[in-house]
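Below: one structure, written as structure tokens.
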Amino acid sequence: GGHRLVPDAEFVTFTPGDRVAHVSNPAFDAATFEVWGALAGGGVLVVADRDVLLSPARMRAFLAEQRITVMFLTVTLFNQLVDFAPDAFRHLRVLLFGGEKQDVRRLERLFGERPPTQVVNGYGPTENTTFSTTHAVTPQDITAGMIPLGHPLPRSTAYALDESGKPVPPGGTGELYVGGDGLAHGYLGAPEMTAAAFVPDPFATEPGQRLYRT
């Protein structure tokens, strides 16, 4: 599953010149993106201390002094930084955010300053590490007032299905099911919970493939 996240990813390309911020708790699946993105791409992984994460001023200084080029932030941390230090991202090449729905007003403020070259919305539950879908944010998205979840990563799937398991039409309401190489085996020691959340993939081309009900 790591290949879909790093070398085969279409939403970001890591290079030997990149300096990737490691701001995620190691227990958080976003850490896999930071660590393997930097190492597999031949770049440098720069670890941020906890006191840096809790201070917008220190985070701004950290990003500038360490010449960070790629970073992922949860929406909560991103919003805090935009509110108190909106110019902090000016040196970044790629900024990714995720974990919850984004406030378009914060993105509008970011784009009004000196935004990174690429701003990406990364969506994905831990059960399908790390991202299931991604979308490169544009000024047009901000004008429309909605940031799409985007498209599945390579060797990944995403379907919006109705209660009978059929795809919903464009604009319809349904539940998002995700799958692919990043999918977990299930919940340790919880077979009933696993069976309820991880279901057979009705669109699979190979036997045994499953989807996660988000």
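Numbers for the structure displayed
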read-out: Filtered residue count, region 49-80, keeping only those that are of a type outside the set (A, V, I, L, M, F, W, C) and assigned to a helix (DSSP H, G or I); value: 9
read-out: Some residue of region 34-48 being of a type in the set (Phe, Trp, Tyr), out of contact with any Leu (no Cβ under 8 Å at 6 or more places or on another chain) and either part of a helix (DSSP H, G or I) or at negative phi (or both); value: no
read-out: Matching strands (runs of 3 or more DSSP E) fully within region 172-214 where at least 1 residues are basic (Lys, Arg) and either in contact (Cβ under 8 Å) with a residue 24 or more places away in the chain or outside the structural domain of residue 132 (by TED's automatic domain parsing) (or both); value: 210-213
read-out: Answer residue from region 46-75, given it is of a type outside the set (Lys, Arg) and touching an Asp or Glu at 6+ places or on another chain (Cβ under 7 Å) and is surrounded by the fewest Cβ atoms within 10 Å (Cβ to Cβ) among those; value: 75
read-out: Filter result for residue 21 (of a type in the set (A, V, I, L, M), touching a Lys or Arg at 6+ places or on another chain (Cβ under 8 Å) and either outside any helix (DSSP H, G or I) or within 20 Å of residue 182 (Cα to Cα) (or both)); value: no
read-out: Per-region count, region 136-166, residues closer than 19 Å to residue 13 by Cβ and either part of a helix (DSSP H, G or I) or without any contact (Cβ under 8 Å) to a residue 24 or more places away in the chain (or both); value: 2
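Residue-wise test of (1) in contact with a strand residue (DSSP E or B) (Cβ under 8 Å, 6 or more places away or on another chain); (2) at pLDDT below 95.
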position	(1), (2)
97	yes, no
107	yes, no
118	yes, no
129	no, yes
137	yes, no
140	no, no
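The values are calculated or read from the model by the stated rules, or taken from the named source; none is laboratory data. Remember, it's a predicted structure, so these values are computed and weren't measured experimentally. Because the Cβ atoms are built from the backbone with ideal geometry, glycine has one as well, and the counts that use them run over all protein chains shown.
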